[in-house]
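The values are calculated or read from the model by the stated rules, or taken from the named source; none is laboratory data. Quick caveat, the model's predicted, so the values are computed rather than measured. When we count neighbours, we look across all protein chains shown, and the Cβ atoms used for this are built from the backbone with ideal geometry, even at glycine. Each accessible area value is taken on the protein alone, full model and side chains, heavy atoms only, with ligands, DNA and RNA left out. Shrake-Rupley method; radii C 1.70, N 1.55, O 1.52, S 1.80 Å.
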Amino acid sequence: MKRIITSILMSAVLGASFFARPMSAAAAETEPNESENIDKIQDQHENEEQVEVVYNTGNMAGDQNLRIALGGSFPLSFGNPFTDDGKMKPGGMACLGYHYFLTPEISVGADATFGFNVTLGGNIFNCVPILATVTYTPHIKNFEIPITLGIGMAWEMYNGKTYWPGLAIKPEIGLNYRLSADWSVGGEISYLWLPQFNRLYSGKENKHAQFVTISASARYYF
């Protein structure tokens, strides 16, 4: 009986060792090599194409903006504004505008400006041009160069008298820096022509008021 039990135990041990060897060998063959996998991952990343992300800082058709500008107004047709010979001194101006982009570079809109200048006698000349505008805005990276032509009417008030409607023509050029998709800041210089056709109303001599304005501006895009 003991011999039979001993024979059975020996057979079981030999069988277990026989089946364990091929399984261990198969596991060793199928176990991944860590260093080879790292090399394959590195090669895969090196072979992948580099994708460059480009952010569009320009405008698109349908974009809109609100513009506010503050600056100085310098008369050209009343003598030298910086000497006692000048009949009108430098003044100030403020402008609020709205613009709508028909294309990425061309926009139309309207500007309303309030300007003032002090005359030699201490009186104040006020003008309020309301202009329809068209603007061409090329851009170089984050810099924009708005070139605008505005044509409209103006109220002109001086010493208790009002001239209306007065023709107003205003070409303008600026340089803005686009801070983000929503905001840009910059500066502008413009020429404002305000002719008075007095001969049509009173037979008096026509007058031509001319100003240069230099302003700082900000635009909000939406």
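Among the residues of region 138-192, those that are touching a Lys or Arg at 6+ places or on another chain (Cβ under 9 Å) and of a type in the set (S, T, N, Q) comprise N142, T148, N176, S184, S190. Among the strands (runs of 3 or more DSSP E) confined to region 91-138, the ones with at least 1 residues that are more than 30 Å from M60 (Cα to Cα) and among the β-branched types (V, I, T) are located at 106-118, 124-136. Considering only region 179-189, state which residues are open to solvent by 20 Å² or more (accessible area, probe 1.4 Å) and out of contact with any Phe, Trp or Tyr (no Cβ under 7 Å at 6 or more places or on another chain). Scanning region 179-189 gives L179, S180, G187, I189.
For region 91-127, the candidate set comprises residues that are surrounded by fewer than 17 Cβ atoms within 10 Å (Cβ to Cβ) and among the hydroxyl-bearing types (S, T, Y); within that set, the residue that is nearest to Q210 (Cα to Cα) is Y98.
The set of residues from region 190-201 being more than 15 Å from M153 (Cβ to Cβ), open to solvent by less than 70 Å² (accessible area, probe 1.4 Å) and at pLDDT below 95 comprises just one member, N198.
Beta carbons closer than 6 Å, at least 6 apart along the sequence or on distinct chains, pair a first residue in region 148-171 that is farther than 18 Å from V212 by Cβ and open to solvent by 50 Å² or more (accessible area, probe 1.4 Å) with a second that is of a type outside the set (F, W, Y) and outside any strand (DSSP E or B) for N159/N123. Considering only residues that are under 26 Å from the mean Cα position of the chain (by Cα) and closer than 22 Å to Y191 by Cα, look in region 59-90 and name the one that is surrounded by the fewest Cβ atoms within 10 Å (Cβ to Cβ). That would be L70.
From the list D111, D85, the lone residue that is acidic (D, E) and in contact (Cβ under 8 Å) with a residue 24 or more places away in the chain is D111.
Being surrounded by 14 or more Cβ atoms within 10 Å (Cβ to Cβ) and within 21 Å of the chain's Cα centre (by Cα) is a property that N176 has.
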